[in-house]
Amino acid sequence: MLSSIRPKKRVVFFYLLIPVLIYVFSVFVPLATAFYYSFFNWKGGPNKTFNGLENYITLIKDINFWSAFGHNIYLVIACIIGQIGLAFIFVLMINSRYTKLKGIHRTFGFFPSTIAAVSIGFIWSMIYDYKRGLLNWLLDLIGKGDSAKVWLNEPKLVMLLIAIPLIWQFIGYYMVIILSAISSIDQEIFEVSEIDGANAFQRAIYIVLPLIKNTLLVCVTLCIAGNMKAFDHIYVMTSGGPGRSSMVMALYGYKVSFGQQNMGYGSAISIGIFVLSLIVILGSQKLITYFSKDKEVA
Amino acid sequence: MEKQSRHMFSKVFVNLILIIFSLSCIFPLIWMFYSSLKEKRVFNADIVGLPANPTISNYTKVLTNPDYHIYQSMFNSLRTTFISIVLIVTCGFIVGYIISRIKFKLNRVIYVMFLMGMLIPIHSLLVPIYIVFKNFGLTDKWYTLIIPYVAFGLPIAIFLVEGFVKGIPVALEEAAAIDGSSFSRTLFSIILPVTKPILTTIAIIQTFACWNEFSFALVLISNTKFQTVPLAMTQFTGQFASDYPKIMAAMLLTMSPILVLYFVFSKQIIKGMVAGAVKG
């Protein structure tokens with residue numbers, strides 16, 4: 001290699017300095033700071049008292065935190081089934097030779113995923129609104145007006161009602177990802193299988209599914225990471241309510257830190273979120289690689 | 001005969017399902033648009049009907065009342081998004097290239113550090129980043145949000161550039177070096193144009209990410225002078241309470257840059273976002 005391809009150390013250092021500084025300052029410094037403050041009883045003011053592991057003991061016993069974690073997991077599962085499942089079905093439909101307007105379905109279907117989560121949250125709060133909501137209007141239209149509700153005030157339904165916009169927003173996103181994976185499959189495979197008499201269902205399960213398995217696993221990973229950080233929609237739609245029945249981890253950390261000004265405990269919660277999310281993300285990845293290897297052997 | 005009618009049935013069924021889905025994706029937008037042309041009273045009486053007497057009064061009210069800070073928040077969002085993207089693309093390009101091509105002691109350390117950024121659950125930084133920014137006096141500044149947005153955008157950008165540069169033959173740089181081009185000159189006038197496709201992808205992904213980002217703006221910005229569009233939206237809904245047509249007008253106005261961008265460049269945007277997601 002020539003010397004000018006290998007630049008002077010000074011030059012490399014100069015180029016890397018600013019990006020690395022910005023990155024370390026926004027990611028590692030906050031993590032270290034949160035770790036430090038998590039051992040203190042600190043209300044955000046100038047006074048703080050060291051209380052050892054007390055925050056973490058509270059965290060482990062904090063039912064609210066664990067139920068928020070449960071809601072994150074609920075969203076992850078609902079979205080894996082709803083988003084990737086529906087996206088896969090829609091892709092098969094789009095790819096069937098009957099379908100018209102393929103380009104329109106792509107463009108329209110993808111559209112919601114480019115909109116801010118905050119806007120999606122507002123749009124759906126309007127849909128769920130008691131007096132002026134589309135949902136109650138629709139129920140009225142089909143003669144079921146008496147089952148109209150103040151939807152987002154129903155503790156038992158609220159998580160489902162929050163999952164629906166989340167699922168809806170990203171179906172098109174996963175649809176396009178899966179579509180691009182399928183379009184890279186050799187068309188001859190489909191033709192041959194059709195000549196061999198495989199019907200649409202058999203083709204989907206035995207040919208398409210195995211061939212795009214890796215893409216589907218990427219989608220699952222995206223789904224998990226995306227839903228562990230759920231915040232915006234819920235902040236807008238219910239703010240975690242009614243009560244705490246739609247609280248998720250990030251929102252709980254936010255409420256404790258800013259609502260109750262309990263920064264010490266808020267820091268401990270942040271560390272808790274960090275560790276739990278990492279476990280879920282890494283754990284699911286291990287599972288995925290384990291299962292995909294297993295199948296290849298069989 | 002029976003087979004034919006079954007084909008006919010599945011044809012109608014498949015198309016119908018897809019059309020319903022596509023319409024559901026676009027209908028809220030259309031509903032918001034024509035509803036925003038209604039007066040509050042008219043809307044409350046009939047939430048779905050088309051406006052009999054369309055009026056733009058909601059828009060003029062939103063645009064002329066300085067309490068809503070609509071120009072200010074749109075300007076803030078544009079500035080934050082633009083500067084963040086320029087920085088993400090430039091820094092991502094430089095760091096990605098160096099990591100891919102130059103051997104030095106800390107190469108692996110820096111690579112792994114940025115790679116970890118794609119794994120670190122960023123939302124766990126929400127409260128910690130507030131504490132750090134508060135301690136350094138960095139909250140509520142015009143540049144506040146640019147710092148985390150660049151930091152969170154860098155890992156994927158670096159990763160994409162690094163992968164792309166691997167596919168460029170080293171002969172290109174060697175030839176440039178023989179011709180006496182310096183490292184920086186080769187970097188910007190020879191490598192940069194070659195990597196344009198991947199840099200465009202990065203810019204597309206980050207435009208939407210920065211423009212739509214809400215949670216970090218929420219904790220780091222409390223002064224309305226520096227609030228971005230998503231923050232302003234949470235304010236509208238508070239201020240307008242149940243005046244839905246007005247909220248819709250405000251939302252559509254603040255969404256307009258993204259809407260125009262999307263429907264003009266939808267092909268490139270979809271391609272870019274998907275490429276970024278799959279490779280990342």
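Points to keep in mind about this one:
- Which numbered condition residue B:192 misses (of (1) more than 8 Å from every other protein chain (Cβ to nearest Cβ); (2) modelled with pLDDT of 90 or more; (3) surrounded by 20 or more Cβ atoms within 10 Å (Cβ to Cβ); (4) more than 16 Å from the chain's Cα centre (by Cα)): (3)
- Reported count of residues in the stretch A:212-250, each being more than 10 Å from chain B (Cβ to nearest Cβ) and in a loop (DSSP other than H, G, I, E, B), is 11.
- Residues that are under 24 Å from residue A:159 (Cα atoms) and in contact with a Phe, Trp or Tyr (Cβ under 7 Å, 6 or more places away or on another chain) were ranked within the stretch A:249-271; the one that is surrounded by the most Cβ atoms within 10 Å (Cβ to Cβ) is A:269.
- Condition check for residue B:112: modelled with pLDDT of 85 or more, under 20 Å from residue A:27 (Cα atoms), away from every other protein chain (no Cβ under 12 Å) and part of a helix (DSSP H, G or I): yes
- Taken over the stretch A:134-189, the residue count meeting the criterion of being within 26 Å of residue A:209 (Cβ to Cβ), surrounded by 22 or more Cβ atoms within 10 Å (Cβ to Cβ) and not aliphatic (A, V, I, L, M) is 5.
- Counted as qualifying within the stretch B:1-109 are the helices (runs of 4 or more DSSP H) with 3 or more residues that are farther than 30 Å from residue B:250 by Cβ, namely B:2-35, B:70-101.
- Given (1) touching a residue at least 40 places away in the same chain (Cβ under 8 Å); (2) within 27 Å of the chain's Cα centre (by Cα), index of the condition residue B:170 fails: (2)
- Count of the stretch A:44-69 residues which are surrounded by 14 or more Cβ atoms within 10 Å (Cβ to Cβ) and of a type outside the set (Phe, Trp, Tyr): 11
- Screening residue B:66 against (1) over 30 Å from residue A:96 (Cβ atoms); (2) without any contact (Cβ under 8 Å) to a residue 24 or more places away in the chain; (3) not assigned by TED's automatic domain parsing to the domain that holds residue B:234; (4) not small (Gly, Ala, Ser) leaves a single unmet condition, (3).
- For the residues B:213, B:173, the requirement of being under 22 Å from residue A:239 (Cβ atoms) and within 11 Å of chain A (Cβ to nearest Cβ) singles out B:213.
- Residue B:35 vs. criteria within 13 Å of another protein chain (Cβ to nearest Cβ), small (Gly, Ala, Ser) and touching a Lys or Arg at 6+ places or on another chain (Cβ under 9 Å): no
- Residues of the stretch B:18-36 that turn out to be aromatic (Phe, Trp, Tyr) and in contact (Cβ under 8 Å) with a residue 24 or more places away in the chain, as a count: 1
- Among the conditions (1) farther than 22 Å from residue A:277 by Cβ; (2) facing chain B (nearest Cβ under 7 Å); (3) in contact with a Phe, Trp or Tyr (Cβ under 8 Å, 6 or more places away or on another chain), residue A:117 misses just one, which is (1).
- Residue within the stretch A:281-298 that is among the small types (Gly, Ala, Ser), at pLDDT below 90, in a helix (DSSP H, G or I) and touching a Leu at 6+ places or on another chain (Cβ under 9 Å) present: yes
- When we screen B:163, B:167, B:96, B:153 for residues that are modelled with pLDDT under 95, in contact with a Lys or Arg (Cβ under 7 Å, 6 or more places away or on another chain) and within 30 Å of residue A:286 (Cα to Cα), the only hit is B:163.
- Taken over the stretch B:251-280, the residue count meeting the criterion of being within 10 Å of chain A (Cβ to nearest Cβ) and assigned to a helix (DSSP H, G or I) is 20.
- Some residue of the stretch A:97-118 being touching a helix residue (DSSP H, G or I) at 6+ places or on another chain (Cβ under 8 Å), crowded, with 19+ Cβ neighbours inside 10 Å and not in a helix (DSSP H, G or I): yes
- With respect to the conditions (1) of a type in the set (S, T, N, Q); (2) surrounded by fewer than 18 Cβ atoms within 10 Å (Cβ to Cβ); (3) free of Cβ contacts under 8 Å to residues at least 60 places away in the same chain, residue B:124 lacks only one, and its number is (2).
- Residues of the stretch B:223-232 satisfying the condition of being at the interface with chain A (Cβ under 10 Å from one of its Cβ atoms) and over 16 Å from the mean Cα position of the chain (by Cα): B:232
- When the stretch B:127-153 is filtered for residues that are within 7 Å of chain A (Cβ to nearest Cβ), more than 19 Å from the chain's Cα centre (by Cα) and not β-branched (Val, Ile, Thr), only B:128 remains.
- Applying the condition of being surrounded by fewer than 17 Cβ atoms within 10 Å (Cβ to Cβ) and under 26 Å from the mean Cα position of the chain (by Cα) to the stretch B:11-33 and asking which residue is farthest from residue A:104 (Cα to Cα) yields B:33.
- Within the stretch A:124-203, helices (runs of 4 or more DSSP H) holding 2 or more residues that are touching a helix residue (DSSP H, G or I) at 6+ places or on another chain (Cβ under 9 Å) and within 14 Å of chain B (Cβ to nearest Cβ): A:134-141, A:158-183
- Of the helices (runs of 4 or more DSSP H) entirely within the stretch A:1-93, those holding at least 3 residues that are in contact (Cβ under 8 Å) with a residue 40 or more places away in the chain and more than 23 Å from the chain's Cα centre (by Cα) occupy A:29-37, A:54-61.
The values are calculated or read from the model by the stated rules, or taken from the named source; none is laboratory data. Everything numeric in this text was worked out from a predicted model, so none of it was measured. Heads up, the Cβs are rebuilt from the backbone with ideal geometry, glycines too, and the neighbour counts pull from every protein chain shown.
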